[in-house]
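Reviewing the structure listed below.
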Amino acid sequence: MTFDALDAWWWPYLFILVAGWLATDSWRYLGVYLGGKMSEESDILVFVRCVATALVAAVIANLIVFPSGTLADSPLALRLGAAIAGFAAYLLARKQILAGIIVAEAFLLVGLYLIG
Amino acid sequence: MSEKQSAEPDREEQVPDERHLTWYLRGVRRCFSIPGLVLVSAFVGFAGLAREAGLTLEQTVFMTGIVWALPGQVVLIGAILAGNSLFAAAFAVALSSVRLAPMVVALTPEMRTPKTRKWVLYALSHFVAITSWVLAMESFHKVPRDMRTAFYTGIGTTLVLVNMGVVATVFLVAGRLPVQLTAALLFLTPVYFLTSLWGSARERAGHVAMILGLALGPVFHVLLPGFDLLAAGGVAGGAAYFWHRVRLKRETAG
């Protein structure tokens, strides 16, 4: 049963509800259930924070190394250079996120226009 | 939202309500910030993707409100494009959304007081995604504990409603941007998370987890497609936690 399997108006919404909402909010509800049994300082929370951070970091790295859309046409070295320059600017500017974003985007855009 | 002074018999009851409203509005205001702006641009990119995949405006707005996790939504679009079955699509989205469980586990105890009702926490958990999580974790130390649910309600409802509006607007005005600008737009999300994730880490182990996760994400993407995020999160997060334990032991011993 694919997204286009049925011609009924409600089918895409049911598809989004099951494959999107159910698959996502189940984890959130599980988190509330588990979170109710733990204190903030507990050592296991250091572990789950580590796993959550590593998962998001993996998503970020994949968005840079294996991007989609028009970003996929840019050279990998340019994307890595822009990311490193942005992160360095963020640290130098005393952790101002905006500084990191501006430098990374400027680096990428200059590179893209130079390549043509 | 108007306060009816005369209709309230007990004036003392009003004070907590006004406090809740105040902190709710502070949560709303917290969204009008760089992270909020960057999330908006990420949803601009998502709307373009969904439009290309053949979804309607209504379906895309519905998905944004009901799923409310950008990686999961992008995976769902990918599964629709690939013609996956309902089961396969749900499995892929579930895999990409596992990270929400530990995020909620980390956030919930910080909002909970002995008086907090269970259903409030379950309802608020729907708003948990990276941006609202980072905003809340950054701000909670400045928010009185019994006002944190009100504050987070402000953050969550604002981000969801604004971005549902953004998605609809992009569908309506989807003009033609130069390719360089659409590439720059797609680059916003990783750059934002690269910096904000570093800033929101609670302990040194968070930085170790982030560096290892960045390195292992692409490796497992090649080695274990479909399970890359789970594998990278488990291995890198586990290693960072191990490092944390070893360091603690050495500190208490020395």
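Filter the stretch B:85-97 for residues that are at pLDDT below 80 and buried (at least 20 other Cβ atoms within 10 Å of the Cβ) and give the result.
Listed by number, the residues that qualify are B:92, B:96.
Give the residues of the stretch B:178-207 that are open to solvent by 20 Å² or more (accessible area, probe 1.4 Å), within 21 Å of the chain's Cα centre (by Cα) and either more than 7 Å from every other protein chain (Cβ to nearest Cβ) or not polar (S, T, N, Q) (or both), sorted by residue number.
Narrowing the stretch B:178-207 to residues open to solvent by 20 Å² or more (accessible area, probe 1.4 Å): B:178-182, B:185-186, B:188-189, B:193, B:198-199, B:201-204, B:207.
Of the ones still in play, those that are also within 21 Å of the chain's Cα centre (by Cα) are B:185-186, B:188-189, B:193, B:198-199, B:201-203, B:207.
Of everything in the stretch B:178-207, those that are open to solvent by 20 Å² or more (accessible area, probe 1.4 Å), within 21 Å of the chain's Cα centre (by Cα) and either more than 7 Å from every other protein chain (Cβ to nearest Cβ) or not polar (S, T, N, Q) (or both) turn out to be B:185, B:186, B:188, B:193, B:198, B:199, B:201, B:202, B:203, B:207.
Just the residues that are over 14 Å from residue A:4 (Cα atoms), at the interface with chain A (Cβ under 7 Å from one of its Cβ atoms) and in contact with a Gly (Cβ under 6 Å, 6 or more places away or on another chain), please, taken from the stretch B:67-109.
B:67, B:93, B:97, B:101, B:104, B:105, B:108, B:109
Within the stretch B:152-164, can one find any residue that is in contact with a Leu (Cβ under 8 Å, 6 or more places away or on another chain), open to solvent by 10 Å² or more (accessible area, probe 1.4 Å) and in contact (Cβ under 8 Å) with a residue 60 or more places away in the chain? Let's see the steps before the verdict.
First, the residues of the stretch B:152-164 that are in contact with a Leu (Cβ under 8 Å, 6 or more places away or on another chain): B:152-156, B:159, B:163.
Applying the additional criterion that residues be open to solvent by 10 Å² or more (accessible area, probe 1.4 Å) yields B:153.
Applying the additional criterion that residues be in contact (Cβ under 8 Å) with a residue 60 or more places away in the chain yields B:153.
Among the residues of the stretch B:152-164, at least one is in contact with a Leu (Cβ under 8 Å, 6 or more places away or on another chain), open to solvent by 10 Å² or more (accessible area, probe 1.4 Å) and in contact (Cβ under 8 Å) with a residue 60 or more places away in the chain, which makes the answer yes.
So the check is Cβ under 6 Å with 6+ separation or different chains; which pairs have a first residue in the stretch B:85-111 that's under 16 Å from residue B:130 (Cα atoms) and a second one that's hydroxyl-bearing (Ser, Thr, Tyr) and in a helix (DSSP H, G or I)?
Close Cβ pairs (under 6 Å, with a partner that is hydroxyl-bearing (Ser, Thr, Tyr) and in a helix (DSSP H, G or I)) amount to B:97/A:24; B:104/B:125.
In the stretch B:46-58, how many are open to solvent by less than 20 Å² (accessible area, probe 1.4 Å), in a helix (DSSP H, G or I) and not small (Gly, Ala, Ser)?
Qualifying residue count, the stretch B:46-58: 1.
Any residue in the stretch A:67-95 that's within 15 Å of residue B:191 (Cβ to Cβ) and basic (Lys, Arg): show its pairings with residues that are open to solvent by less than 20 Å² (accessible area, probe 1.4 Å) and at pLDDT 95 or above at Cβ separation under 8 Å, as long as the two are six or more apart or on different chains.
Final answer for the pair search is A:79/A:108.
Take the residues of the stretch B:110-151 that are more than 9 Å from chain A (Cβ to nearest Cβ), open to solvent by less than 20 Å² (accessible area, probe 1.4 Å) and polar (S, T, N, Q): which is farthest from residue A:23 (Cα to Cα)?
B:139
Considering only the stretch A:1-114, give the helices (runs of 4 or more DSSP H) lying wholly within it that have at least 3 residues that are crowded, with 23+ Cβ neighbours inside 10 Å and either polar (S, T, N, Q) or at the interface with chain B (Cβ under 7 Å from one of its Cβ atoms) (or both). Before the answer, list the steps.
Working: elements: A:11-16, A:23-35, A:43-65, A:76-92.
Helices (runs of 4 or more DSSP H) meeting the threshold: A:23-35, A:43-65, A:76-92.
Suppose the filter is closer than 30 Å to residue B:181 by Cα and assigned to a helix (DSSP H, G or I); does residue B:101 pass it? Give the steps one after another, and end with the answer.
Numbers: closer than 30 Å to residue B:181 by Cα: no; assigned to a helix (DSSP H, G or I): yes.
Taking the combined requirement at face value, the residue does not satisfy it.
The values are calculated or read from the model by the stated rules, or taken from the named source; none is laboratory data. Just so it is clear, the structure is predicted and the values come from calculations on it, not from any experiment. Using ideal geometry, Cβ is built from the backbone for each residue, glycine included, and neighbour counts are taken over all protein chains shown. Protein only, heavy atoms only, side chains kept; ligands, DNA and RNA dropped before computing areas. Shrake-Rupley method; radii C 1.70, N 1.55, O 1.52, S 1.80 Å.
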